[in-house]
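Have a look at the structure below before the remarks.
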Amino acid sequence: MKTLLPFLSLLTLLAVSGCRSEQTQEIAPIGTVQAPVNPTNPTQTFDASGQTLLAQGPFMSNVHPTSGTVSLYEKAGKRTLVFTNFKTDGGPDLRIYLAETTGVRNFIEVSKLNATGNFFVELPAAADPTRQRFVLIWCKAFSVLFGNAELK
């Protein structure tokens, strides 16, 4: 058992730090205020006209520093998550999940995390934000929760 302890410690360290190898794209330069953009098409900005704010919440750090705010908007049955001043460490396989708990219970993958700063992503039709109230930043490759925000 004593010979396994150093190996298990090293394995745990690699799992926790393994998601640091890649950086996400910075959309807005530091110190500037920019309208949220679509990370797959940065020329498309979020149009808040006619949108209803359903919920929002601040990000809290889990294993990696994560900050910013996420807001849930709806217009004509289409729901959108808008990230403002969002920051987190980079990782090789970061995803945005919507889940019932921070324990990744009853979750749906919203998209890959491709940006930091101010951006937006549309929710899949199968998402149920009345039950799945936690937005998670999850490293799929290492099963590590970077940060979370509860939509209230």
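Each value in this text was obtained by applying a stated rule to the coordinates, not by laboratory testing. Here the structure is a predicted model, which is why all the values come from computation and not from measurement. Every residue, glycine among them, receives a Cβ derived from its backbone with ideal geometry; neighbour counts consider all protein chains shown.
Compute the label zone of Val104 within the stretch 126-140: residues whose backbone N is under 11 Å from the point 7 Å along Cα-to-Cβ. Counting backbone N atoms under 11 Å from the label point, the list is 137-140.
Put a dot 7 Å past the Cα of Asp93, heading toward its Cβ, do the same for Asn114, and the two dots end up 1.9 nm apart. If a/c stays under 1.5 just call it rounded; otherwise compare a/b with b/c (prolate if a/b is bigger, oblate if not). Do that for the stretch 74-152, with a ≥ b ≥ c from the square roots of the Cα gyration tensor eigenvalues. Oblate, since a/c reaches 1.5 and b/c is not below a/b.
Could you compute the FRET efficiency for Lys140 and Ser49, with r as their C-beta to C-beta distance and R0 at 41 Å, rounded to 0.05? Each step should come with its number before you reach the end.
Working: r = 35 Å, r/R0 = 0.85.
It comes out at approximately 0.75.
Whole-Hz Karplus values for the stretch 125-132 come out as 4, 6, 5, 10, x, 6, 9, 8 Hz, taken residue by residue from phi with 6.51 cos²θ - 1.76 cosθ + 1.60 and θ = phi - 60°; glycine and proline positions read x.
If you take all other residues with their beta carbon under 15 Å from the beta carbon of Val70, and give Lys and Arg +1 and Asp and Glu -1, the sum is +2.
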